[in-house]
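First the structure, in the form of structure tokens, and then the observations on it.
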Amino acid sequence: MERKFLKRGMNFNIILVGESGMGKTTLVNTIFAGHLVDSQGRRTVQGPQRKTTEIVPTTQVIEENNVTLRLTVVDTPGFGDQTNNEGCWVPVIKYIKDQHAAYLERELKPQRERSINDTRVHACLYFLNPGSKGLRPIDIEVLKRLTEVVNVIPVLAKADSTTVEERAAFKKRIKEELAMQRIQAYPYPSEEDDEEDIALNNKIKELSPFAVVGSENVFNENGAPVRGRRHAWGIINVDNPEHCDFVHLRNFMLRTHLYDLIEVTAQRHYESFRTQQLRQIKEMRAAQAQNATQMAQQQQQIQPGATLFKQQA
Amino acid sequence: MTEAATRQAPKVAKKKLQGYVGFANYPNQVHRRSVKKGFNFTLMVVGEAGIGKSTLINTLFNTRVFPDKDESTIGETRRGVEISSMSAEIQENGVRLRLTVVDTPGFGDSINNDDCWQPILENIESRFDAYLTQENRVNRSKISDNRIHALIYLIKPTGHALRAIDIEFMKRMHTKVNLIPVITKSDTLTQDELVGFKSRIIADINYHGIQIFKPQWESFEDPEVINENKDMLSKIPFAVIGSDKIIEKPDGNRVRGRLYPWGIIEVENEKHNDFIKLRKMLVCTHMEELKDVTDSILYENHRSQKLVTMGHEQDNTVFREYNPTAQMEEERSVHEARMSKMESEMTAVFQQKVQEKESKLKQSEEELYARHKEMKQVLEKQRQELEEKKKRLDSQTRPITPLDKKQKKGLFNLS
């Protein structure tokens, strides 16, 4: 099975949601150790001022040790950038649901392909503002909706502007607010987890939201090349767990929970979507059937009347 | 009007003094008086929640103007923008400053921020209006100046460019208040990113025609001062960090700053951020200019607009200098103008009447002519008739023979 796996390769789709300037693109490029995506921020005066959230998917095929990964990164420029951000999450939710719908359609076809190209979104990195003391109203709205359709991993963006104490306070505050608003972020507790899994999940839950710093620049520090950001007061090393949680996030997403993310998407989110859709179809069919019987009844009522008429005539 | 005024302005002669008179002491007198009176300065800070408003103010004035935020506000969503002001009286070297800081919590925090500047604009304008009413009072001995002298607008350090809400806000505010854009939490940007970010912000500001407060200088000032101002101008918008915590550096110095695992950033280190420049501009060198611009330009514009909309009309004649000969000449010319106008009017009327009469006469002439012709025709006809009659009579008065008579009778019988 492993050989088949290696031959086929895997699909992994993630969507990045957050205001512009949060470092979404940089983080993705850092996680996958290469320049995969270009930033969609506005760099010129006449640059595009987006009026709605756009969906920009980019697909790359990357390989490591004979394992191929078909990675699709979906960026959402324009999210949360306008003065009036009502409904800015609608294109995002629609895209995610569309991918589920496309998969469902292909699954329902009488002649299915051997392996359906999985475009469903497996993970959503939601970027939180480092300055606010907790969740903002827009964060609450969007997270409530996102957690129903996709695995949401909240991330604390630009963590290099927060000291260690501020980070700890922020994380605690976020966890409290998420619990209060009943928003369930990934990873989800499950009954079939064994002790090891539970311990791992707990550790991840403690670190969540991950305070990350992204960088594609490499500096020379004490002779060794270091990925990081250089300031006048020090160099931030992205790969140093004391500086930021980047390493934890990368390990969690790719090294330990990659398969889990894909599976949970299929089992939990896709299935719930499928159930909803099928139920809707059933209801529609039931409504249609009811209409048909109603019409038939009416016809019958007219029929005896008609015979009466005939008699009179 | 201006020409007349300049012609009549008194000639200023520069005279050399022959001894020490003493009015050079005037600035010192002003200084002493103002120190005794104390200064007041009203500052407004606008920015999203968590961008560092309170910390910046506390750092700027080295005083805890704003208390620590209450941690128990979990789940409390603020609706709309509130305006809350805090006053503090601080003293330095015997100079008292009554500092009022107006905070705007809730700005840009909702999902729909379309009108979040409205309460702020209203607040600024109401302060202008309050000053206007005080100015128009009968007893003006005690005027308290609550006008906003400077508005610090905090920009999020995204590294890209200005956001839509930033541009909208600044476009609406720049004619009413001195705008000072400031990038906070600038420790999140490296030096190169900061340079790019600042240049993009300035490009955006120029593109949209936003007027921000810029330090001005005169050519006669010290070159040192001019250089300082130029330096300040080149760093706008300032990128600062704020901190009210004191950290001990490895070399033993205690500085205000932020402690990170990778280093310590010092608030008052010019290489780390522009805080020193901002403080200098705001408090040391340009506080008076900020107040002056508020009073002379921004307030006056607001006042003119307000009074015009209230129905007052601008009467520019009160600005002219009084001069008797000029006035008499003017009167004479006005009088002459009037006379000539009347004259031309009268000639016009006269001509009109003449024309009318002429046309009337012509008409009657034609009528007469027509009648004359008619009469002539009638007379002609009569004459012809008479001639015919005469002919007949002539033919009748021929001697009548009996044959003729018979014939005549016969003729008559036949006829």
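The values are calculated or read from the model by the stated rules, or taken from the named source; none is laboratory data. Treat the numbers as computed from the prediction; the structure is a model and nothing was measured. Don't worry about glycine lacking a Cβ; one is built from the backbone with ideal geometry, like all the others, and counts go over all protein chains shown.
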Review point. When you scan region A:163-189, how many residues do you find that are buried (at least 23 other Cβ atoms within 10 Å of the Cβ) and at the interface with chain B (Cβ under 9 Å from one of its Cβ atoms)?
Key: 0
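To keep it simple, each residue is scored yes or no on (1) crowded, with 20+ Cβ neighbours inside 10 Å; (2) more than 14 Å from chain A (Cβ to nearest Cβ); (3) out of contact with any helix residue (DSSP H, G or I) (no Cβ under 6 Å at 6 or more places or on another chain); (4) at pLDDT below 85.
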position: B:Val35; (1), (2), (3), (4): no, yes, yes, yes
position: B:Ile51; (1), (2), (3), (4): yes, no, yes, no
position: B:Thr59; (1), (2), (3), (4): yes, yes, yes, no
position: B:Ile90; (1), (2), (3), (4): no, yes, yes, yes
position: B:Gly94; (1), (2), (3), (4): no, yes, yes, yes
Practice item. Looking only at region A:109-128, decide whether some residue is farther than 30 Å from B:Ser54 by Cβ and within 14 Å of chain B (Cβ to nearest Cβ). Key: no
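Residues in region A:66-86: is at least one of a type in the set (A, V, I, L, M, F, W, C), at pLDDT 85 or above and surrounded by fewer than 17 Cβ atoms within 10 Å (Cβ to Cβ)?
For region A:66-86, residues of a type in the set (A, V, I, L, M, F, W, C), at pLDDT 85 or above and surrounded by fewer than 17 Cβ atoms within 10 Å (Cβ to Cβ): absent.
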Check your understanding: Do we find a residue being at pLDDT 80 or above, in a loop (DSSP other than H, G, I, E, B), surrounded by fewer than 16 Cβ atoms within 10 Å (Cβ to Cβ) and within 14 Å of chain B (Cβ to nearest Cβ) anywhere in region A:153-160?
Key -> no
Review point. Can you tell me which residues in region A:231-279 are under 29 Å from B:Glu193 (Cα atoms) and in a helix (DSSP H, G or I)?
Key: A:Phe246, A:Val247, A:His248, A:Leu249, A:Arg250, A:Asn251, A:Met253
Review point. From the set of residues in region B:102-136 that are under 22 Å from B:Gln211 (Cα atoms) and in contact with a Cys (Cβ under 8 Å, 6 or more places away or on another chain), which is farthest from the other protein chains (Cβ to nearest Cβ)?
Key: B:Phe107
Exercise for review: Mind listing just one residue for me: the one in region A:118-147 that is touching a residue at least 24 places away in the same chain (Cβ under 8 Å) and among the charged types (D, E, K, R) and, of those, farthest from A:Gly9 (Cα to Cα)?
Suggested key: A:Lys133
Revision key, fill the gap. Listed by range, helices (runs of 4 or more DSSP H) wholly within region B:243-310 having at least 2 residues that are away from every other protein chain (no Cβ under 14 Å), touching a residue at least 40 places away in the same chain (Cβ under 8 Å) and surrounded by fewer than 18 Cβ atoms within 10 Å (Cβ to Cβ) are B:287-293, B:300-309
Review point. So which residues in region B:159-191 are facing chain A (nearest Cβ under 9 Å), among the charged types (D, E, K, R) and free of Cβ contacts under 8 Å to residues at least 40 places away in the same chain, if there are any at all?
Key: B:Arg163
Review point. What number of residues within region B:137-158 are part of a strand (DSSP E or B) and within 9 Å of chain A (Cβ to nearest Cβ)?
Key: 0
**Study point:** Out of A:Val17, A:Val90, sole residue that is exposed (fewer than 14 other Cβ atoms within 10 Å of the Cβ), within 17 Å of the chain's Cα centre (by Cα), more than 15 Å from B:His160 (Cβ to Cβ) and at pLDDT 85 or above
**Key:** A:Val90
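Please go through region A:190-222 and give me each residue that is assigned to a helix (DSSP H, G or I) and either touching a helix residue (DSSP H, G or I) at 6+ places or on another chain (Cβ under 8 Å) or surrounded by fewer than 16 Cβ atoms within 10 Å (Cβ to Cβ) (or both), ordered by number.
Listed by number, the residues that qualify are A:Glu195, A:Glu196, A:Ile198, A:Ala199, A:Leu200, A:Asn202, A:Lys203, A:Ile204, A:Lys205, A:Glu206, A:Leu207.
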